[in-house]
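Asks: Below is a structure I'd like to ask you about.
The values are calculated or read from the model by the stated rules, or taken from the named source; none is laboratory data. Nothing here was measured: the structure is a model prediction, and the numbers come from that model. Cβ sites come from the backbone with ideal geometry, for glycine too, and all protein chains shown count toward neighbours. Surface accessibility is based on the protein's heavy atoms, side chains included, excluding ligands, DNA and RNA. Shrake-Rupley method; radii C 1.70, N 1.55, O 1.52, S 1.80 Å.
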Amino acid sequence: MTRLGRRQLITALGASAWVGLARTEPLDETLAALQRRYQPRQAWRADGGWRPQALATAQRLMLRPGDDGSAFATEVLAEQDRSDHRVQHLQLRGALGDRVPALFLQPKGPGPHPAVLALHDHGARFDIGKEKLVRPLATSPAAEAWAQRYFDGRFVGEALVQAGFAVLAIDALGWGERSRPGLARDDQQALANHLMQLGHSWAGVIASDDLRAHRWLREQPGIDPRRVAVLGFSMGAFRAWQLAAVCSEVSACVAAHWMCTRAGLLRPGEHTLVGQSAFSMAHPGLAAELDHPDVAALIAPRPLLLMGSPEDRLFPWDAVQQAWARLAPAWEPGGGLRTLSLPGGHRFGLDAQQAATAWLAMQATA
């Protein structure tokens, strides 16, 4: 049997078979042994010294290149009146000095308004990004189909702006207007490697642009800078809780369908091991210091709403629950952490949107 055929067989057989076969494969046994010994050096602990140390580590390893505080050179490319709100198609200066396209929704009522930075998913669909969450100015069959598939036909940005929130959505590097025609799943490794060879990381650039986007939103006239939350679905949820962890100005965070222990995502056959999508969410060096729940624990005591589903095939439910349980001690009992189990698998439908919007509205008035 070829090594490729053997690998495919191991994946198909699952974890128990992989452990047995790994004994005859030095490479597989090495990786299995590393996983058995895995213990992040700065795992959450209750003493007061943990947070400053862990926060400094997270900011150093995740925010590459970070936000240098430079101006955004905002350009308004187009705008549209939509009855109860306005939408602008913008360009902002990103962390690499490139142009970052964005869609900005503004309620028409008197401000200052609370706001939400809405962070789009991965989905191995690169021709749309911000348009996955905010209806674009021009008709987009791709965006409409995405909303139907994951959001019960409703653009999440519209649910938020109709509840009184200003909403900003940007294209992450590699998506939407920051992609190129024909970019596909197998191009991700080349993009990630290109950035690494130049001293950056793909995940770090995405996190840095999100950090700058949140600052842009806080600085806008008519926005209450003390009430600027983040919300994301799938990869957008990963982006949301990691931003809230490293940016104390994030007032609240909704993360739907992306929270799990690393061990849960390193099981044979899990999507982080068999595809290229993980490159956009892997920060070099971070795993040795902090597991995913350890990073999210940096949000405490600020409000965090985590959503997951037992039917979600991308995130093993037992590992999701383990991550939630590890997070809980970082908040006071009855404090700002809420976890919500939903049916339906990997999607953010109308019920979930209503729950998230109501929760954010409650935090904005607290």
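Asks: Tell me which of 176, 95, 151 sits at the most positive position along the dipole axis of the range 92-202, charges placed on C-beta atoms (Lys, Arg +1; Asp, Glu -1).
Replies: Towards the positive end, the residue furthest out is 95.
Asks: Send over a whole-number figure in Å² for the accessible area per residue of the chain, probe 1.4 Å.
Replies: 43 Å²
Asks: Toward the positive end of the charge dipole of the chain, about the Cα centre and with charges on Cβ (Lys, Arg +1; Asp, Glu -1), which of 50, 220, 331 goes farthest?
Replies: Farthest towards the positive pole: 50.
Asks: What ranking do 185-192, 243-250, 260-267 get when scored by the average of other Cβ atoms within 10 Å per residue, highest first?
Replies: Per-residue Cβ counts within 10 Å, averaged per peptide and sorted highest first, yield 243-250, 260-267, 185-192.
Asks: What fraction of the DSSP beta bridges in the chain is antiparallel, stated in percent and rounded to the nearest 5?
Replies: The antiparallel fraction comes to roughly 50 percent.
Asks: Also: For the range 137-256, which semi-axes, largest first and in whole Å, follow from the square roots of 5 times the eigenvalues of its Cα gyration tensor?
Replies: 25, 21, 13
Asks: Looking at the P(r) of the chain, how many percent of alpha-carbon pairs lie beyond 29 Å?
Replies: 39 percent
Asks: If you line up the long axis of helix 3-13 against the longest principal axis of the chain, both from Cα atoms, how many degrees apart are they, to the nearest 10?
Replies: 70 degrees
Asks: Next up: Kindly rank 176-183, 40-47, 210-217 from highest to lowest mean number of other beta carbons found within 10 Å of each residue.
Replies: In descending order of packing, they fall as 210-217, 176-183, 40-47.
Asks: Size of the dipole of the chain about the Cα centre, Lys and Arg at +1 and Asp and Glu at -1 on the beta carbon, nothing else charged, in debye to 20?
Replies: 500 debye
Asks: Now a separate question. Roughly what angle does helix 141-151 make with the longest principal axis of the chain, taking Cα atoms, 0 to 90 degrees, to the nearest 10?
Replies: The angle comes out near 70 degrees.
Asks: Suppose we take every Cα in the range 74-225 and form the convex hull; what volume per residue is that in Å³?
Replies: About 106 Å³ per residue, rounded to a whole number.
Asks: With +1 on each Lys and Arg Cβ and -1 on each Asp and Glu Cβ, and nothing else charged, work out how big the dipole of the range 217-281 is about its Cα centre, in Debye to the nearest 20.
Replies: In debye, rounded to 20, the range 217-281 gives about 100.
Asks: Let me ask another. Angle check, please: helix 350-365 long axis (alpha carbons) against the longest principal axis of the chain (alpha carbons), in degrees 0 to 90, nearest 10.
Replies: Result, in degrees: 60.
Asks: While we're on this one: Suppose we look only past 17 Å in the calculated P(r) of the range 74-122. What percent of the Cα-Cα pairs does that tail hold?
Replies: Roughly 46 percent, once rounded to a whole number.
Asks: Per the 1.4 Å probe, what fraction of the accessible area of the chain, in percent, lies on carbon and sulfur atoms?
Replies: 54 percent
Asks: Calculate, in whole percent, how much of the Cα-Cα pair population of the range 211-262 lies beyond 14 Å.
Replies: Tail fraction, whole percent: 50.
Asks: For the range 251-366, give the magnitude of the charge dipole about the Cα centre (Cβ charges: +1 Lys/Arg, -1 Asp/Glu; no others), in debye to the nearest 20.
Replies: For this selection, approximately 100 debye.
Asks: Also, I was wondering about something else. Counting only helical runs of four or more DSSP H residues, what would the 222 nm mean residue ellipticity of the chain come to if each run contributes -39,500 (n - 2.57) and the total is spread over all its residues?
Replies: So the helix-based figure for the chain works out to -11500 deg cm²/dmol.
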